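Reviewing the structure listed below.
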Amino acid sequence: MRIQKHKFTAMLATAVIVFALLVSPALGEKPIEWKCQVFWGAAELSYKTFVDFTERVKVLTNGRLVITPYPGGTLVPTFEALDALQDNVIQCMHMWPGYFSGKEPAFAAISDMIAAYSHPWQKEAWMYYKGGMEMLREMYKPYNAYPVGFMFWGVESLVSTKPIRRMEDFKGLKMRVPQGMTAMLMQKLGASVVVLPGGEVYSALDKGVINTSDWATPSMNNRLGFYEVAKYTNYPGFHSMPIGDFTVNMKEWEKLPDDIKAILESATREWCWDSYERIAVEDLKVVKELKDQGVEVIQWSDEDLRAVRMVSREIWDEFAQKSPMTKKVLDSQKAWLKELGLID
C-alpha cells in the first residue's frame, strides 16, 4: 500500500511538472517583452481588439512573448513612432503607415488607395496574394522594421451637414480631410479642403466652418458626437479602405524562434478580421440608432461608385509620380482592380 502511494505521489509530481512546462516559459527562460505604441485612443474598440490580440499572443506562446500596448501618444508622438521603432525605443508598433509618407510617399498609396475598394477582403487579397505585403516590407526595410501583418477598422463613412448623394454634391462644400490623395480627390470634385485635427471637427461642423468631414466609421464618429450637429452620413463610404499595420523592429523579429514568428503571423490575420467584424457589428447597431434619431444614411449606387473611381484614376496617376515605389504600388493595385471588375 505504501509503495502504491509513493508511485501515485511520483506520478502526480511528474504531471505537475509537465503541466507547468506546457503553460509557462521553459524553466529559467526569461519571457521576451516588447513595448508597443498604438495610434488609437484607449476608449476606441479598435484599441481593445489590439489589446485582445496581445493577450492572445501571450497565451499562444505559453507566455514566452509578452507585448504591452500603449495608447496613442503615450510613449512617443505618433509621427515619431517609426523613428522610435528603428532605434528600438519601442519594439513594435500598430500604426497607419501613411503617417510616414514624408519618408516614402508609397506608404500613403499602400495604406489607403482613395476610392478603390468596396470591401476589405479585396484589399486583403491584394496584400497577401498580389504582392502588397512584399512591397510594404520593402518600404519598411531601410528603417530596420518588419511588418508582420495588418488590420482593417472597417468601412469608413462621411459625416456632413448637407446631403452628398452623388459626385456633383461636393461642389462648394468645405471639407475636413487628411492631406494626400483624399484631399486631391475632393478638390477635384469641387470641395474646399480644410485641414483640422480631429479634436476640432465637432466645433467646426457646429459653427459651419466645415460642411463635411472624413474621419472614421459610424460608431467612431458617433462616439465623438458628430451626429449631434451633422444629420447626414454616407455609409458604406466609398472613399477609404485604410489599413493599420503591426510592425516589429527587424532585429527583434530576427531573434524570435520560428514557432513564435509563425504564431504572430497567424495571430495578426485573426486580429484583422476580429477587429473588422467587431467594429462592423457596432457600426450596424449605431446606424440603426442614427436612423431612429433622424440622421439620413446615404448609400451610393454601383454606377456612382464606378464614376468616382474613374475620376480617382487621375489622382492615382498623378500621385504615382511621387516616387518609383509609389508608382509600383499603385500600378499593381490598378491591375488587381481590373481583375475584380471594379475599373475598366
Residue under evaluation Asp317, criteria (1) among the charged types (D, E, K, R); (2) assigned by TED's automatic domain parsing to the domain that holds Pro218; (3) surrounded by fewer than 20 Cβ atoms within 10 Å (Cβ to Cβ); (4) closer than 18 Å to His119 by Cα, criterion not met: (4)
Boolean, Glu289 is surrounded by fewer than 20 Cβ atoms within 10 Å (Cβ to Cβ) and in contact with a Ser or Thr (Cβ under 6 Å, 6 or more places away or on another chain): no
Within region 1-56, tally of residues that are modelled with pLDDT of 90 or more and more than 28 Å from Tyr70 (Cβ to Cβ): 0
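Among the listed residues Glu168, Glu138, Glu156, identify the single one that is closer than 20 Å to Tyr99 by Cα and at pLDDT below 95. Explain how you work it out, then say what you get.
On the way: Glu168 fails: closer than 20 Å to Tyr99 by Cα; Glu138 fails: at pLDDT below 95.
Being closer than 20 Å to Tyr99 by Cα and at pLDDT below 95 holds for just one of Glu168, Glu138, Glu156, which is Glu156.
Residue-wise test of (1) hydroxyl-bearing (Ser, Thr, Tyr); (2) surrounded by fewer than 24 Cβ atoms within 10 Å (Cβ to Cβ); (3) in contact with a Lys or Arg (Cβ under 6 Å, 6 or more places away or on another chain); (4) touching a residue at least 24 places away in the same chain (Cβ under 8 Å).
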residue: Trp121; (1), (2), (3), (4): no, yes, no, no
residue: Tyr128; (1), (2), (3), (4): yes, yes, no, no
residue: Lys141; (1), (2), (3), (4): no, yes, no, yes
residue: Lys171; (1), (2), (3), (4): no, yes, no, no
residue: Lys174; (1), (2), (3), (4): no, yes, no, yes
residue: Gln179; (1), (2), (3), (4): no, yes, no, no
residue: Val195; (1), (2), (3), (4): no, yes, no, no
residue: Glu200; (1), (2), (3), (4): no, yes, no, no
Residue, surrounded by the fewest Cβ atoms within 10 Å (Cβ to Cβ), within region 263-286, restricted to residues that are touching a residue at least 40 places away in the same chain (Cβ under 8 Å) and over 30 Å from Asn62 (Cα atoms): Lys285
Odd one out for Ile110 among (1) touching a strand residue (DSSP E or B) at 6+ places or on another chain (Cβ under 6 Å); (2) assigned to a helix (DSSP H, G or I): (1)
For Ala307: the one exception among (1) assigned by TED's automatic domain parsing to the domain that holds Asp83; (2) in a helix (DSSP H, G or I): (1)
Unique residue being closer than 23 Å to Ser111 by Cβ, outside the structural domain of Phe50 (by TED's automatic domain parsing) and in a loop (DSSP other than H, G, I, E, B) when the list is Leu196, Leu185: Leu196
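Given the criterion assigned by TED's automatic domain parsing to the domain that holds Met135, of a type outside the set (Gly, Ala, Ser), out of contact with any Gly (no Cβ under 7 Å at 6 or more places or on another chain) and not in a helix (DSSP H, G or I), identify the matching residue among Thr247, Thr233.
Working: Thr233 fails: assigned by TED's automatic domain parsing to the domain that holds Met135.
After applying the criteria, what remains is Thr247.
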Matching residues, region 77-88, being surrounded by 15 or more Cβ atoms within 10 Å (Cβ to Cβ) and touching a strand residue (DSSP E or B) at 6+ places or on another chain (Cβ under 6 Å): Ala81, Leu85
Failed criterion for Asp245 (all others in (1) over 22 Å from Pro120 (Cα atoms); (2) surrounded by 15 or more Cβ atoms within 10 Å (Cβ to Cβ); (3) in contact with a strand residue (DSSP E or B) (Cβ under 8 Å, 6 or more places away or on another chain) hold): (1)
Ile260 closer than 20 Å to Pro120 by Cα and not aromatic (Phe, Trp, Tyr): no
Sole exception among (1) within 23 Å of the chain's Cα centre (by Cα); (2) in contact (Cβ under 8 Å) with a residue 40 or more places away in the chain; (3) not assigned by TED's automatic domain parsing to the domain that holds Pro120 for Ala145, by number: (3)
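The values are calculated or read from the model by the stated rules, or taken from the named source; none is laboratory data. Worth saying up front: this structure is predicted, and the values here are computed from it rather than measured. Here Cβ is always computed from backbone atoms with ideal geometry, including for glycine, and neighbour counts include all displayed protein chains.
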